Amino acid sequence: MQDFSPADHFRFPDEPDAVELRAFTHGLQPATVPRMMEHFAEDWRRFGVDAWNEVPNHWRPDSNDEVGWWTLPTYLGDEFIAPLLGAPEGTCIHQPHVHWTVQCLLSAPEVAGRGDRVVVSDTAFPSVLHSVQQWAALQDLAPAIVPSDDRNQVDRRAFLDRIDANTAMVALSHVGFTTGARLPDAFLREVAETAHAHDALLALDGYHAAGSMPVDVQALGCDLYMGGLLKEACGSSGNAFLYVRDGLELTPRLTGWFGDAAPFDFRPDPEPHPDVRRRFLGGTTAVASMYHAVEGVRLLLNYGLDAVRAHSLDLTGRAIERADTADLPLRSPRDPDVRSAMVLLEVAEAEKLTAYLKNHHIYIDSRQDEVVRMAPFLWNTTEDVHRTFDQIETALSSGAYKNASVHSTGPVT
Ligand SMILES: Cc1ncc(COP(=O)(O)O)c(C=O)c1O
């Protein structure tokens, strides 16, 4: 990485030899976060309730744009989230989490009005998969859950075949969270065309894609694209986002007075805000998280998403080479075109190996005690990958990891 010193931009754990490889679950903290959180405390103290109308623009200090807590969700949407997704101004908004966004979406009669099925892959994250099932009875929208193939990846042919005249919406994860498999653009475009031919909507959950690679929502042809800023985008909880295709009319019933056209008129009847994306706001927006929401996005955009992706592919490629040498079967894709930022390896007693590495300040995670996941990302070096695999090889050959206590690993998202 030329001209990019991770130590200048990120805050690392205390151990000087720490190797953080869990970008897929919670990226490192950007160096500007403490200052931004001080700004939050100071704005609150100095301006009190007036901060809803105006605070200094800490997010774009060089601009003359006026911001206040009231307008931050759309301001961050335009200035930071839209560039992450190749989306035009006016289409993106900050959200608290994907669960909320999907619930809002399913509550819109314009979804159910298009058909009586939501076609969803069984590989979708629970925030999508469970929500689709929870809304089924309320909206006459039966879930059509398409089983994955024998590698736990989206069965592309079967998925396309399920989209028909009854389909109201199609939902897919851009990157599978259990496989690290990225759906190819050509397939997603075919899904979009098929869905649109039946007047259905395409909603993509890009949690593990946005921030780790360039995404172009318009080229993909999706109607909605959602995700979070916790992982590769290095934010913390309370930070997610939504893109709504320009011109798409949606009036979610699960909306709040912050999504009303005239919130301070306190009229007896609700009236949806003219800006469709704002209708995805609920009650009083949580403000503190928006102070640190986009500090990681800022770094990724400054570095350039093409360069972020190139670095990630280089390091995941090296990890795969080392896994091959160590005879560790790969659970995630090898092909760079369908690889994401994460590499999954099959290892017996994966939890113990994870705990052992943690004791050596190398942070990965495990799933179902049968795979380990790692995502060497922007702050990692080739040296980090080699140190990790040197330790893995030592652990496996000596069997020392079998004595590691798994209590230290704990659940991670
Ligand atoms: C693909 C995917 N979608 C969504 C989420 C999170 O959803 P939510 O924002 O509802 O917690 C995750 C993981 O945390 C995920 O991996």
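Overview of values
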{"read-out": "For region 123-273, the fraction of alpha-carbon pairs in successive 5 Å shells from zero, as %", "value": "2, 8, 16, 20, 20, 16, 10, 5, 2, 1, 0, 0"}
{"read-out": "13 Å Cα-Cα reach of LYS402 towards aspartates and glutamates, excluding residues that sit fewer than 8 places from it in its own chain", "value": "GLU349, GLU351, ASP369"}
{"read-out": "Principal-axis tilt of helix 33-47 within the chain, Cα atoms, nearest 10 degrees", "value": "30"}
{"read-out": "Helical contribution to [θ] at 222 nm, DSSP H n ≥ 4, -39,500 (n - 2.57), averaged over the chain, rounded to 500", "value": "-10000 deg cm²/dmol"}
{"read-out": "Peptide ranges 22-28, 3-9, 127-133, 227-233 listed from the most packed, as the mean C-beta count within 10 angstrom indicates", "value": "227-233, 22-28, 127-133, 3-9"}
{"read-out": "C-alpha long axis of helix 350-359 to longest principal axis of the chain, angle in °", "value": "80"}
{"read-out": "Distance from region 46-84 to region 334-413 (C-alpha centre basis), Å", "value": "39"}
{"read-out": "Volume per residue that the Cα convex hull of region 295-384 spans, once the total is divided by residue count, Å³", "value": "108"}
{"read-out": "Value of relative contact order over the chain, rounded to a whole percent, pairs C-alpha under 8 Å and six or more apart", "value": "19"}
{"read-out": "Rel. contact order, % - alpha carbon contacts under 8 angstrom, at least six apart, region 155-277", "value": "18"}
{"read-out": "Accessible area of VAL102 in the full protein assembly, 1.4 Å probe (Å², nearest 10)", "value": "0"}
{"read-out": "Helix axis angle, 126-139 relative to the chain longest principal axis, alpha carbon, degrees", "value": "30"}
{"read-out": "Exposure ranking of ARG322, ARG60, ARG189, ARG151 by accessible area [1.4 Å probe, largest first]", "value": "ARG151, ARG189, ARG60, ARG322"}
{"read-out": "Within a Gaussian network of the chain (alpha carbon springs, distance under 10 Å), most fluctuating of THR123, THR381, THR284", "value": "THR284"}
{"read-out": "The chain - percent of accessible surface contributed by carbon and sulfur, probe 1.4 Å", "value": "49"}
{"read-out": "Residue-normalised accessible area of region 193-339, given per residue in Å² at a 1.4 Å probe", "value": "38"}
{"read-out": "Beta bridges per DSSP with both ends in the chain, % antiparallel, nearest 5", "value": "50"}
{"read-out": "Partners for LYS358 among aspartates and glutamates (Cα-Cα distance below 12 Å; same-chain residues under 8 apart left out)", "value": "GLU15, ASP17, GLU20"}
{"read-out": "Within-15-Å neighbourhood charge of ASN152 [Cβ basis; K, R +1; D, E -1]", "value": "0"}
{"read-out": "Of GLU249, GLU15, GLU193, the one that fluctuates the most in a GNM where the chain has Cα springs shorter than 10 Å", "value": "GLU15"}
{"read-out": "Cα-based Rg and Dmax for the chain, where Dmax is the largest Cα-Cα distance (Å)", "value": "21.9, 71"}
{"read-out": "Square roots of 5 times each gyration tensor eigenvalue, C-alpha, region 44-146, largest first, Å", "value": "36, 15, 12"}
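The values are calculated or read from the model by the stated rules, or taken from the named source; none is laboratory data. All figures in this text were calculated on a predicted structure; none of them were measured in a lab. Neighbour counts run over all protein chains shown; Cβ positions are idealised from the backbone, glycine included. SASA here: full protein model, heavy atoms, side chains in, ligands and nucleic acids out. Shrake-Rupley method; radii C 1.70, N 1.55, O 1.52, S 1.80 Å.
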